Amino acid sequence: MSSLSGQKPVFRFAPSPNGRLHLGHALSAILNHDMAKVVGRFLLRIEDIDLTRCTPELEHGIYDDLTWLGLTWEQPVRRQSEHFDEYRAALEKLIGMGLVYPAFMSRSEIKAFVHTYEAGGKKWPRDPDGAPLYPPLDKRRPAEEVATLLSSNATHAWRLDMKKAMSRLVAPLDWEESGSGEKVRIKADPAAWGDVILSRSDAPSSYHLSVVLDDALQGVTHLVRGMDLFHATSVHRLLQHVLELPAPEYYHHRLVLDENNKKLSKSEGSTSLQALRDHGSTPSDIRRLLSL
């Protein structure tokens, strides 16, 4: 994999400390580390925007697991919770560009809207992950009503106005993908995601916004991550375009699946690296399990 700009390639692994790492994380971390060891630099980033679920104990667990695997990374480690002002500045820029809007509908209200719509026999559109697209009701609110809601501190998120953002494109978006073993251009389809959240009432930034900012600010040139984020790359490419950020090369790798053919997940209690270590596994065993 070669650098887009001619600089030394920069790779990163960016876990969230909201649970213990599992084999899926190990695959991504090792691939990034080993590629960087050959041709570039390896960074570790802690994505701890969710202050209610991320804990210092779990963050230290990440360091322990990666050190046990024999991985090393550059210091200092970037922690998202220390950069909220940067995410807010980017959001304010998008607000000034008229590309985002305050969204007041709760999850229950979205669910009720979709249920009512589909009761008529039609299917409400869904994003690549299967979630219903956000209804257009907030964009139809009179400006006076929006101002009143905001002044009353009504709970809201900020969502990207996908149609307006797409109107800024002068040519179709794509990205360079090398996960198949050879470089190909993949056509991006941001519109499939609808009006994605960029900031929530309980967090200053969404994954979509923070990840493109972090990667640009850290000079990441090569994004090696799981296939579960393949389609989200379309949104990231659009944000990179409107925020005038560089586009890295992408390498989406296979997922590690459980006995039910489902991808490993912290929320589903997938066996952690710590548990495997406690039961006698070695770093070499982990690499063999991952066919590395």
**Report entry** Histogram of C-alpha separations across segment 85-139, 10 Å bin width, %
**Finding:** 21, 38, 29, 11, 1
Requested in this report: Quick one: among Val212, Val184, Val235, which has the greatest mean-square fluctuation in a GNM of the chain with alpha-carbon springs under 10 angstrom?
Outcome: Val184
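Taking R0 as 22 Å, what FRET efficiency do you get between Asn261 and Asp127 from their Cβ-Cβ distance, rounded to the nearest 0.05?
With R0 = 22 Å, the Cβ-Cβ based efficiency is 0.50.
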**Report entry** Computed over segment 106-244, the ratio Rg/Rh where both radii use C-alpha atoms and Rh is Kirkwood
**Finding:** 1.00
Query - Gaussian network model of the chain, springs between alpha carbon atoms under 10 Å - residue of Ala89, Ala191, Ala165 with greatest fluctuation - result: Ala89
Query raised in the report: What length, rounded to one decimal in nm, is gained on full extension from Phe230 through to Met166, with 0.36 nm per residue of separation minus their alpha-carbon distance?
Result: 21.1 nm
Query - the chain - mean residue ellipticity at 222 nm from DSSP helices (-39,500 (n - 2.57) per run, n ≥ 4, rounded to 500) - result: -10500 deg cm²/dmol
Report task. Specify the residue with the greatest mean-square fluctuation among Ala147, Ala188, Ala14, computed from a Gaussian network of the chain linking alpha-carbon atoms under 10 Å apart. Result -> Ala147
Query - Over segment 72-170: Rg over Rh, Cα atoms, Kirkwood Rh - result: 1.07
Report task. Treat each spin label as a single point 7 Å out from the Cα along the C-beta direction, and report the Arg140 to Arg53 distance in nm. Result -> 3.2
Query raised in the report: Antiparallel as a % of all DSSP beta bridges within segment 172-292, to the nearest 5?
Result: 50
Query raised in the report: Of the lysine pairs in the chain, how many meet both conditions: Cα atoms under 18 Å apart, and a spacing of 8 or more in sequence or different chains?
Result: 9
Query - Amide H contacts under 5 Å for Asp189, placed H, 5+ residues apart - result: Ser234
Query raised in the report: Between Ala103 and residues 5 or more places away or on another chain, which pairs have amide H atoms under 5 Å apart, with H built 1.01 Å from N, and which residues are they?
Result: Ala157, Trp158, Arg159
Query raised in the report: Given the convex hull over the Cα atoms of segment 1-98, what projected area results after averaging over all orientations, in nm²?
Result: 8.1
Query - Under 5 Å, built H, 5+ apart or other chain: amide partners of Leu223 - result: Glu249, Tyr250, Tyr251
Query - Stokes-Einstein D (µm²/s) once Rh is taken as the Kirkwood radius of the chain over alpha-carbon pairs, at 10 °C in 1.306 mPa s - result: 77
Query raised in the report: Given the chain, what percent of its DSSP beta bridges are antiparallel, to the nearest 5?
Result: 55
Query raised in the report: Can you give the angle from 0 to 90° between the axis of helix 84-96 and the longest principal axis of the chain, with both taken from C-alpha atoms, to the nearest 10?
Result: 40
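Each reported figure results from applying straightforward, stated rules to the coordinates on display, with no laboratory input. These numbers were taken from a predicted model, which means no experiment stands behind them. Note that each Cβ is placed from the backbone with ideal geometry, even for glycine, and that neighbours are counted across all protein chains shown.
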